[in-house]
Amino acid sequence: MAAAGEQRGREYLERHRIPELLHSLSALLLYHRPERPREFLIQVLEKVQAGKQGEGEYPYLMDESNLTAMFEMMDVAGQGYITSVQYKEALKTLGLCTEGLHSEDDANITLDTFKEEVTKKMLESWAVY
């Protein structure tokens, strides 16, 4: 009987994407390290709500300069692109979904494409809550 209740609990968490939400909130806490974490989390959740209503922007863990730095670390030869395998690994590292990517497995990803798609994936990750 306990196993059935545990399974229902897991299904509930997955259906409402609670693990992903907690991961995102934890990452923001660790990145910003606010003096008042509870108030910070309330503000983040209010931003998410405002973003869903089209009244503001979703909170971002990484800004454009962070994305550029990440891309440059993967493009060690300075070729101006990374492979789609590197791109998918970057998304996984950021805790973002790799489903529905526009790039082929052998495609090269430029900095502009990387920033655009990662930003889009970050927005998608907040929009589901």
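Worth a mention:
- Counting only alpha carbon atoms, the long axis of helix 64-74 and the longest principal axis of the chain meet at about 60°.
- Using just its DSSP H runs of length 4 or more, each adding -39500 (n - 2.57), the chain gives a mean residue ellipticity at 222 nm of -20500 deg cm²/dmol after division by all residues.
- Each Cα pair under 8 Å and six or more residues apart adds its separation to the average, and for the chain the resulting relative contact order is 24 percent.
- Once the Cα gyration tensor of the range 64-127 is diagonalised, semi-axes √(5λ) in Å: 18, 14, 10
- For the range 33-48, 3J(HN,Hα) per residue [Karplus equation, 6.51 cos²θ - 1.76 cosθ + 1.60, θ = phi - 60°, Hz, x = Gly/Pro]: 6, x, 5, 10, x, 5, 5, 4, 5, 4, 4, 4, 5, 5, 5, 4
- With only the Cα atoms considered, the chain has a convex hull volume of 145 Å³ per residue.
- Residues with amide H under 5 Å from that of Ala107, placed H, sequence gap 5 or more: Ser84
Taken together, the values in this text are just the output of simple stated rules run on the coordinates, not laboratory data. Keep in mind that this is a model prediction, so the values were computed, not measured.
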